[in-house]
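**Student:** Quick one: the structure is below, questions incoming.
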Amino acid sequence: MHAILESLFPRACVTENGTSRDVRVFQSSSYFLGDNTHDRSRLTRKMIEKYNVHHDHDVHYTMQLCRWVLKPIGMWYPIYGHPSRYEKLVSIALFVTCFSALCFVLIPAGLYTLFREKDINIKVKLFGPVGFCLTSTIKYCYLGARAAEFGKCIRHVENDWRVLRHRDHRGLMLKNALIGRRVTTLCAIFLYIGGLSYHTIMPLSSRRRVNENYTIRIHTYPGYDLFFNPEVSPAYEIVFCIHCLYALITYNITTAACSLAAIFVTHACGQIQILMTMLDDLVDGKWSKGTTVEERLSVIAKHHVRVLRFSTNVEEVLREICLMEIVASTLIICLLEYYCLTEWENSDAVAILTYFILLISFTFNISIFCYIGELLVEQYSKIGSAVYEINWYNLSANKATDLVLIIAMSHYPPKLTAGKIFDLSINTFGAVLKTSVVYLNLLRTVTE
């Protein structure tokens, strides 16, 4: 792509604030690097924009944390595309390892919970971790099955970084990229602290001494006694290490899904903010000197359509993951509340603290999805106000009426949905918490 740009658009020396510097220039508009490519001969009639010389750094900054969590589970190269032969082999090896670790926990623990365990209280205590394992496995397979669609969204983000109209636009995009990084960081911190505590501290603190020579060593997940004795060495140590590896894999999967959603939505919000700065410049053309109102309006319309299409693609690729997050989080939050109450009655401080951290982690995780869904709708709703607040009355009647369509579109913003069943918003988050409490009361009634 860089070679094509160099051959089509030569370097040009421009001066900003009295300082000359070498930048790449190209005919704008509209983001011919993305979808809806038009005849390149028409580019000569567009405004001149500068090539973002910080493109590589900006893309790295935006995608860095997402790449960190996707690479260990072997999903970065399938999603990003164009891997080398070595990268393909590494991804396949990581996928086989991760999927085997998930099955190593899911199959024995699932069979034990469903068919072998008869005590209802122990069954309920196992439903939470086994259910989380099942949903993590489904999400992992989904990431692999929809890798091409995720990669398309990532390439869209990269192309938007290549094409920047103004220095202030880069600042807006970096600001929103920082929000995505912070959301990913917080999600990872909460999940890893609570999850690793559950898989390390709790089983080690649950050992029961029978006599001076024998101690029962309990695993986080049961069901291995059908195949071997999981309490003797080195079987115990091997199973314990695999459980820790499994924990890292599942929390990487959850963090990856959250990271992709946060990056895509915050990027769309940044593009909407850029659109509003372009609207501010529509009438006067202070930042786009030498262009007509028709040309500026054309760029605005194409930018708006591009952002709408990107948001639609994001919603399509995330809707199944969001549905699993909504359903799983509702049930797991309910179970964690039940576990906290149960351990409070048993006066187990370690278990109470661990379950409470996990409760905060899952509550925070679902709040992220609901927050970014609310954020997307809020940003799109601002477009109509931004159009009305410009000096549209200084435009001719024909040009002013062209803005009506943009205002009308702002009343129907794209939304993140959970399987096209629920809209992700703050109200949905409140509904999840209320539903979990209702299920908690039902669960306590059944188990008492």
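**Student:** Just checking, does the range 343-351 include any residue being surrounded by fewer than 18 Cβ atoms within 10 Å (Cβ to Cβ) and outside any helix (DSSP H, G or I)?
**Tutor:** Yes, some residue in the range 343-351 is surrounded by fewer than 18 Cβ atoms within 10 Å (Cβ to Cβ) and outside any helix (DSSP H, G or I).
**Student:** Looking at the structure I just gave you, is Arg309 in contact with a strand residue (DSSP E or B) (Cβ under 6 Å, 6 or more places away or on another chain) and more than 22 Å from Gly285 (Cα to Cα)?
**Tutor:** No; evaluated as a whole, the condition is false for this residue.
**Student:** Looking at Thr445 and the list (1) closer than 15 Å to His304 by Cβ; (2) modelled with pLDDT of 85 or more, which single condition is not satisfied?
**Tutor:** The one condition Thr445 does not meet is (1).
**Student:** Output the residues belonging to the range 270-317 that are modelled with pLDDT of 90 or more and small (Gly, Ala, Ser).
**Tutor:** Hits for the range 270-317 are Gly270, Ser311.
**Student:** Search the range 248-261 for residues that are within 15 Å of Thr62 (Cα to Cα) and pair each with any residue that is among the aliphatic types (A, V, I, L, M) and not in a helix (DSSP H, G or I) when their beta-carbon atoms are under 9 Å apart and the residues are at least 6 apart or on different chains.
**Tutor:** Matching pairs, first to second residue: Ala256/Ile73; Ala256/Met75; Ala261/Leu416.
**Student:** Suppose we filter Ala351, Ala400 for residues that are farther than 25 Å from Glu448 by Cβ and among the aliphatic types (A, V, I, L, M); which single one remains? If you could, list the steps in order and put the result at the bottom.
**Tutor:** Details: Ala351 fails: farther than 25 Å from Glu448 by Cβ.
Every option except Ala400 fails the conditions.
**Student:** Pick out the one residue from Ile253, Ile238, Ile249 that is in contact with a Phe, Trp or Tyr (Cβ under 6 Å, 6 or more places away or on another chain), under 30 Å from Val69 (Cβ atoms) and either at pLDDT 90 or above or buried (at least 21 other Cβ atoms within 10 Å of the Cβ) (or both).
**Tutor:** Values: Ile238 fails: in contact with a Phe, Trp or Tyr (Cβ under 6 Å, 6 or more places away or on another chain); Ile249 fails: in contact with a Phe, Trp or Tyr (Cβ under 6 Å, 6 or more places away or on another chain).
Every option except Ile253 fails the conditions.
**Student:** What about Val299, is it assigned to a helix (DSSP H, G or I), within 30 Å of Ala148 (Cβ to Cβ) and open to solvent by 40 Å² or more (accessible area, probe 1.4 Å)?
**Tutor:** Numbers: assigned to a helix (DSSP H, G or I): yes; within 30 Å of Ala148 (Cβ to Cβ): yes; open to solvent by 40 Å² or more (accessible area, probe 1.4 Å): no.
No, not satisfied.
**Student:** Is it the case that the range 363-377 has a residue that's open to solvent by 20 Å² or more (accessible area, probe 1.4 Å), closer than 20 Å to Tyr439 by Cα and of a type in the set (A, V, I, L, M, F, W, C)?
**Tutor:** Residues of the range 363-377 open to solvent by 20 Å² or more (accessible area, probe 1.4 Å): 363-364, 367, 371, 374-375, 377.
Add one more test, that the residue is closer than 20 Å to Tyr439 by Cα, and what stays is 363-364, 367.
Those still in the list that are of a type in the set (A, V, I, L, M, F, W, C) too: 364.
Within the range 363-377, one or more residues are open to solvent by 20 Å² or more (accessible area, probe 1.4 Å), closer than 20 Å to Tyr439 by Cα and of a type in the set (A, V, I, L, M, F, W, C).
**Student:** Still on this structure, I have one more. Pick from the range 264-282 the residues that are open to solvent by less than 10 Å² (accessible area, probe 1.4 Å) and among the β-branched types (Val, Ile, Thr): which of them is farthest from Ile368 (Cα to Cα)?
**Tutor:** So the residue we want is Ile274.
**Student:** Those residues that are more than 20 Å from the chain's Cα centre (by Cα) and open to solvent by less than 60 Å² (accessible area, probe 1.4 Å), I need them from the range 55-97; list them, please.
**Tutor:** Result: His55, Pro83, Ser84, Glu87, Val90, Ser91, Ala93, Leu94.
**Student:** A further question follows. Which pairs do you get when a residue that is within 11 Å of Asp58 (Cα to Cα) and in contact (Cβ under 8 Å) with a residue 24 or more places away in the chain, found in the range 163-177, comes within reach of a residue that is open to solvent by less than 40 Å² (accessible area, probe 1.4 Å) and outside any helix (DSSP H, G or I), reach meaning Cβ atoms under 9 angstrom, with the pair 6+ apart or on two chains?
**Tutor:** Pairs that qualify, where the first residue is within 11 Å of Asp58 (Cα to Cα) and in contact (Cβ under 8 Å) with a residue 24 or more places away in the chain and the partner is open to solvent by less than 40 Å² (accessible area, probe 1.4 Å) and outside any helix (DSSP H, G or I), are Arg170/Asn52; Arg170/Leu164; Met173/Leu164.
**Student:** Sticking with this one: Looking only at residues in the range 102-138 that are surrounded by 19 or more Cβ atoms within 10 Å (Cβ to Cβ) and small (Gly, Ala, Ser), which one is farthest from the chain's Cα centre (by Cα)?
**Tutor:** Checked the range 102-138; the qualifying residue farthest from the chain's Cα centre (by Cα) is Ala109.
Let's see how each residue does on (1) more than 19 Å from Ile193 (Cα to Cα); (2) open to solvent by 20 Å² or more (accessible area, probe 1.4 Å); (3) among the hydrophobic types (A, V, I, L, M, F, W, C):
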| site | (1), (2), (3) |
| --- | --- |
| Ser311 | yes, no, no |
| Ile332 | no, no, yes |
| Tyr380 | yes, no, no |
| Ala386 | yes, no, yes |
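The values are calculated or read from the model by the stated rules, or taken from the named source; none is laboratory data. Here the structure is a predicted model, which means the values were calculated and not measured. Positions of Cβ are generated from backbone atoms using ideal geometry, with glycine treated the same way; all protein chains shown enter the neighbour counts. Heads up: the accessible areas ignore ligands, DNA and RNA and are worked out on the full protein's heavy atoms, side chains in. Shrake-Rupley method; radii C 1.70, N 1.55, O 1.52, S 1.80 Å.
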